[in-house]
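Here, each number is a calculation from the coordinates, and none is a lab measurement. The shown structure was predicted, so the numbers you read here are calculated from the model rather than taken from an experiment. Methodologically, a virtual Cβ is constructed for each residue, glycine included, from the backbone with ideal geometry; neighbour enumeration extends over all protein chains shown.
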Amino acid sequence: MKILANDGIAPNGKSQLEAAGFTVVTEKVAQEDLPAQLPDYVGIIVRSATKVRKDLIDACPDLKFIARAGVGIDNIDHEYARSKGIPVINTPAASSESVAELVFSHFFNLARSVHRSNVELQLADSNFKALKKSYSKGIQLRGKTLVVIGFGRIGREVARIGLGMGMRILPVDPMIEKAEVTVDMHEAYGGSQTIVLETVPLSEALPQADFLTLHVPTVNKPILGAEELATMKPTAFVVNSARGGVIEESALLHALESGQLGGAGLDVFVGEPNPDRKLLEHPMISITPHTGASTVEAQANIGQELADKIIALNLV
Ligand code: MLT
């Protein structure tokens, strides 16, 4: 039984599936060739690059599963697949810590202009003393207010790091009233403290945010548009590592250019893999190419969770 891992799979997941009797093919099949080639496979594993839309599902009536190596399943017509009896598997728990750490990479960049220093100091004619002066107004994260929009697994992981750093956390999530977050020491020391955090309405949280991060699925209407951004502090930093479009990109550019916002960190974009160049080149934006879950640890967790779930389908 052959599985096509069209956007790759971590070595541990591949070996686990092979040990269970599957053949795992990792040679990439171009999107347009999938309708002809996928019927040879029992299932497909994708990350975000490969799309599994209705036409592809219709071309493969015998497919036994569609697996997403990650959290978001917006690149899969999952409801349609399930209506055809094809299970859609994802790995919601595997990458939370890595995504949360990337959020803080952007916060630290923005708070100390690290992303700008990296670019500008590399220039042959850079002026060290002038740059030292221009970047002398950094801020600390300790003591600041962090707004977390979407308080699921990733949001809570961000809160855990923020609490550990001495930040005040304001979670925003209409689905829950409060949630427990446990801050635990490294196993070498032991010990932990559990804090109960109560959610607040978005309109109440926005004007208080020094730092803000979103952890929500793809939405039809942006969570942060011009109206919401206008209520924030002009010094606030926002990070989007969820999905392109949860912050309205044109409104974000306007807010940065008109001094309504301090800066932004973007890991995700509308129109990936060809985002708007105005965002990529903007000096007030720290950027990464959708690498929130791209760590050795997250990919190993994803490989294991996927393999466990596929094996549990009892196909071999
Ligand atoms: C996810 O949904 O898991 C992330 O966006 C990671 C990814 O697509 O690489």
Under the Karplus curve 6.51 cos²θ - 1.76 cosθ + 1.60, θ = phi - 60°, whole-Hz ³J(HN,Hα) for the stretch 224-238, x wherever Gly or Pro sits: 10, x, 4, 4, 6, 4, 5, 8, 8, 5, x, 9, 6, 10, 10
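Given R₀ = 41 Å, FRET efficiency for residue 311-residue 185 by Cβ-Cβ distance, to 0.05?
It comes to 0.75.
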Cα-based Rg / Dmax (Å) for the stretch 1-156: 22.1, 66
Degrees, to the nearest 10: 153-164 long Cα axis against longest axis of the chain: 40
Volume per residue of the C-alpha convex hull in the stretch 84-161, rounded to whole Å³: 144
Added length on full extension, which subtracts the Cα-Cα distance from 0.36 nm per residue, residue 108 to residue 257: 51.5 nm
Amide hydrogen neighbours beyond the local backbone of residue 6, cut-off 5 Å, H modeled: 45
Listed residue (34, 44, 13) projecting farthest to the positive dipole end of the stretch 1-51, Cβ model: 13
Most to least packed among 301-311, 274-284 [average Cβ atoms within 10 Å]: 301-311, 274-284
Rg and Dmax of the stretch 274-316, Cα atoms only, in Å: 17.5, 53
Value at 222 nm in deg cm²/dmol, rounded to 500, when DSSP H runs of n ≥ 4 in the chain each add -39,500 (n - 2.57): -9000 deg cm²/dmol
10 Å binning of all Cα-Cα separations within the stretch 125-188, expressed as whole percents from 0 upward: 19, 35, 20, 17, 8, 1
Relative packing of peptides 26-39, 89-102 - highest average C-beta neighbours within 10 Å first: 89-102, 26-39
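Provide 227, 120, 18 in ascending order of the number of other Cβ atoms located within 10 Å of each residue's Cβ, fewest first.
Arranged by neighbour count, lowest to highest, 227, 120, 18 become 227, 18, 120.
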Cα Rg, Dmax, the stretch 214-316, angstrom units: 17.2, 60
Per-pair calculated FRET efficiency, R0 = 41 Å: residue 62 and residue 135 via Cβ, rounded to 0.05: 0.10
Square roots of 5 times each gyration tensor eigenvalue, C-alpha, the stretch 256-295, largest first, Å: 20, 12, 7
Principal axis dimensions, the chain - Cα atoms, whole angstrom, descending: 62, 48, 39
Cβ-placed point charges (K, R +1; D, E -1), dipole of the chain about Cα centre in debye, nearest 20: 700
Phi-based couplings in Hz for the stretch 248-258 (Karplus 6.51, -1.76, 1.60; Gly and Pro marked x): 5, 5, 5, 5, 5, 4, 5, 5, 5, 6, 9
Pairs beyond 28 Å (Cα-Cα), from 2/51; 221/309; 129/233; 54/309: 221/309; 129/233
Kirkwood estimate for the stretch 67-213, i.e. one over the average of 1/r between Cα atoms, Å: 18.1
Between the stretch 53-81 and the stretch 177-222, the Cα center-to-center distance that results, in Å: 32
For the chain, with +1 on Lys and Arg beta carbons and -1 on Asp and Glu, the positive-most of 314, 289, 105 along the dipole: 105
Rounded to 10°, Cα long-axis angle of helix 296-311 versus longest principal axis of the chain: 30
Acute angle (nearest 10 degrees) that the helix 96-112 long axis makes with the longest principal axis of the chain, alpha-carbon atoms: 30
Local net charge near residue 12, Cβ-Cβ under 13 Å (Lys/Arg +1, Asp/Glu -1): -3
Karplus-derived HN-Hα couplings along the stretch 24-37 (A = 6.51, B = -1.76, C = 1.60, θ = phi - 60°), whole Hz, x at Gly and Pro: 10, 9, 10, 6, 5, 9, 4, 3, 6, 8, 4, x, 7, 9
Extension gain (nm, one decimal) between residue 122 and residue 193, 0.36 nm per residue minus Cα-Cα: 21.3 nm
D (Stokes-Einstein, µm²/s), Kirkwood Cα radius, the stretch 136-272, 1.567 mPa s at 4 °C: 84
